[in-house]
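J.: Sharing a structure, written as structure tokens. Questions coming.
Each reported figure results from applying straightforward, stated rules to the coordinates on display, with no laboratory input. This structure is a prediction, so every number in the text was calculated from the model and none was measured. Here the Cβ positions follow ideal geometry from the backbone for every residue, glycine too, while neighbour counts run over all protein chains shown.
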């Protein structure tokens with residue numbers, strides 16, 4: 001959980017900076033009130049379940065696609081909504097032997113939260129806007145194994161950080177890392193009272209941010 005602790009510290013620092021800015025001056029008209037960011041990247045899933053002798057069950061790393069909408073509440077504070085989709089193999093990991101695919105899993109992520117910005121201008125004149133995000137939502141899995149099809153939905157908190165690089169007046173390049181922290185709902189999927197792992201599921205992405 002070291003990465004999560006570090007990200008939480010970043011969020012706290014950005015939050016203090018942004019709140020101080022918001023208290024110092026009320027929202028001003030900047031010409032844009034919304035941000036739309038279609039993105040694509042790579043999803044690295046944590047373990048659903050750890051078994052004996054180092055075995056585990058997890059989704060294999062896979063591409064992720066999504067879109068995020070932000071609405072400004074203050075110059076440096078936005079309310080955000082996000083939806084993402086990933087399609088992966090469910091694998092059983094065995095030490096020294098690797099992973100074996102046992103099913104297909106499509107994962108829908110949907111969440112909302114706050115984004116805290118720290119705009120700056122680099123020495124070369126580029127407009128750079130580091131940001132941090134914190135929120136909550138859900139991860140919905142649709143798992144298909146031959147004739148068996150099942151679904152499971154679990155709560156997932158999330159924290160993220162990244163940066164926007166301005167490319168024009170109303171467009172920018174966004175790079176982001178986001179950690180979805182949740183526990184796979186085995187009762188929902190199998191009706192069995194199995195306690196899974198609390199997992200860190202990392203979404204690493206790049207996209208274009210449009211301001212309007």
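J.: Please sort 104-111, 144-151 by packing, taking for each peptide the average over its residues of neighbouring beta carbons within 10 angstrom, highest first.
T.: Put in order of decreasing packing, that is 104-111, 144-151.
J.: Quick one: the Cα spread of the range 30-123 along its three principal axes, in angstroms, biggest first?
T.: 56, 29, 22
J.: Percentage of Cα-Cα pair distances in the range 90-151 greater than 13 Å, rounded to whole percent?
T.: Tail fraction, whole percent: 76.
J.: Along the Cα→Cβ direction, 7 angstrom out, place labels at residue 85 and residue 101. What is the inter-label distance in nm?
T.: Result for the modelled spin labels: 1.9 nm.
J.: Now for a separate question. May I ask you to sort 50, 183 by Cβ crowding, counting other Cβ atoms within 10 Å and putting the fewest first?
T.: Going from least to most buried by this count: 50, 183.
J.: Against the empirical 2.2 N^0.38 Å scaling, what ratio does the C-alpha Rg of the range 66-212 come to?
T.: The value comes to 1.26.
J.: Moving on. Where the centre of each part is set by its Cα atoms, how far does the range 64-128 sit from the range 167-192, in angstrom?
T.: Centre-to-centre distance over Cα atoms comes out at 4 Å.
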